[in-house]
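In what follows, a single structure is set out as structure tokens and then discussed.
The values are calculated or read from the model by the stated rules, or taken from the named source; none is laboratory data. All values derive from a computational prediction rather than experimental measurement. Neighbour counts run over all protein chains shown; Cβ positions are idealised from the backbone, glycine included.
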Amino acid sequence: MITTSDLPDTIPLFPLPGALLLPRARLPLHIFEPRYLAMLDDTLKTSHRLIGMVQPREVPDGEADRLHSIGCAGRLTAFSETEDGRYMITLSGVSRFRIKKEIEGFTPYVRADVDWGGFDRDMGGPEQDPFFRREPFLDLLGRFFEARALSTDWDSLKEADDELLINSLSMLCPFEVGDKQALLEAPSLANRRETLVALLEFALHTGEDGTEVLQ
């Protein structure tokens with residue numbers, strides 16, 4: 001198990017719109033671009049095997065701050081290679097971080113000096129949400145899934161613990177990049193649940209195309 005003392009000062013970054021990773025959650029990824037294949041090869045040579053998932057900002061080309069400042073690092077815990085040289089990997093969320101400085105030019109992918117301070121809770125055990133009311137939450141979620149023609153394993157959702165349920169839905173629901181970033185930056189599980197509820201309610205109010213739905 002990785003500990004706080006194992007966290008490196010510099011990690012590779014994988015900017016991927018909409019791909020949210022949270023502490024203690026798992027994110028499957030398909031790696032095929034040459035620069036990220038190189039990143040994977042380099043990561044496998046390290047002792048920590050950490051890759052930082054980060055959301056790109058929606059800014060015009062050429063502007064600074066192309067990436068959001070807060071991301072989440074995941075430890076490479078599983079990978080398999082396809083016959084054509086691509087990889088299927090799994091990252092297990094370890095801790096959020098704040099980008100101090102991007103490092104370019106030495107590798108085909110972006111690396112960054114990062115600060116792990118302020119996210120000590122990420123390295124502990126699962127969080128609890130004592131004010132979580134599961135039944136009305138699942139009712140709201142059911143209406144969202146029905147409106148978006150989505151399906152899920154409801155039995156598994158009902159049995160999942162609070163953190164697994166809230167974090168999995170935060171990662172899987174089809175929200176915009178800015179919304180995913182808000183879920184990532186939520187300081188506690190309760191805050192993330194509140195943000196998730198607000199996003200679900202807003203989506204039901206506006207409709208899939210962003211236009212307001214008359215109630």
Would you please name the residue that is modelled with the lowest pLDDT, looking only at residues in region 32-58 that are under 16 Å from the mean Cα position of the chain (by Cα) and farther than 12 Å from C72 by Cβ? R57
Residues of region 149-167 satisfying the condition of being surrounded by 14 or more Cβ atoms within 10 Å (Cβ to Cβ) and either more than 12 Å from the chain's Cα centre (by Cα) or modelled with pLDDT under 95 (or both): L157, A160, D162, E163, L164, L165, I166
With respect to E81, is the statement that it is over 19 Å from L200 (Cβ atoms) and in the same structural domain as P28 (by TED's automatic domain parsing) true? yes
Mind checking which residues of region 20-47 are closer than 27 Å to D179 by Cα and touching a helix residue (DSSP H, G or I) at 6+ places or on another chain (Cβ under 8 Å)? L20, L21, L22, P23, R24, A25, L27, I31
Name every residue in region 159-192 that is among the hydrophobic types (A, V, I, L, M, F, W, C) and closer than 20 Å to G118 by Cα, in order of residue number. A182, L183, L184, A186, L189, A190
Of those in region 1-12 that are in a loop (DSSP other than H, G, I, E, B) and of a type in the set (A, V, I, L, M), the residue modelled with the lowest pLDDT is M1
Taking E58, is it in the same structural domain as E104 (by TED's automatic domain parsing), exposed (fewer than 11 other Cβ atoms within 10 Å of the Cβ) and among the charged types (D, E, K, R)? yes
Inside region 94-110, can you point out the residues that are surrounded by 18 or more Cβ atoms within 10 Å (Cβ to Cβ) and touching a helix residue (DSSP H, G or I) at 6+ places or on another chain (Cβ under 8 Å)? V94, S95, R96, Y109
